[in-house]
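Structure first, commentary second.
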Amino acid sequence: DVIYDPTNYKKSIGEQKWVALYPLGYEAWAEWRRLGYPQLEPHEYPLNPSGQIPLRHAYPASELTLNEDSYNAALGILGGPDDETTPIFWDVD
C-alpha cells in the first residue's frame, strides 16, 4: 500500500504510475518525464553517449537529408541540439 501525500502529489502519483505502467515501457518513460518521479539514476554502464536517461528520441538522419528546412525549424523550437538530452516543452526540471 502506498500512502497518498497531498503535499507531493507528483511523487505519490508518479511512483504508482511507474509500477502500474511497468510492462508499458514507453508510457512509463513518458510519465516519468512528465512528473519527475520516481527518482531514477542512470545505469552504471549506459549505452548512450550522454550517460543520462534519455529525455527524447533524436530525429532520424533521413529527416535532415530529406526535410532540412522543417528539421532546422523544429530544432529552433526545441531550443537545443538534436540529441536525447534536450528536453521538450513538457519535461520537468
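The numbers here are math on the coordinates, done by the rules we state, and not lab data. These numbers were taken from a predicted model, which means no experiment stands behind them. Cβ sites come from the backbone with ideal geometry, for glycine too, and all protein chains shown count toward neighbours.
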- prompt: All but one of (1) in contact (Cβ under 8 Å) with a residue 24 or more places away in the chain; (2) farther than 21 Å from LYS17 by Cβ; (3) out of contact with any Asp or Glu (no Cβ under 6 Å at 6 or more places or on another chain) hold for SER70; which doesn't?
  reply: (1)
3 or more residues surrounded by 15 or more Cβ atoms within 10 Å (Cβ to Cβ) and on the phi < 0 side of the Ramachandran plot: qualifying helices (runs of 4 or more DSSP H) within the chain: 9-20, 25-35, 68-78
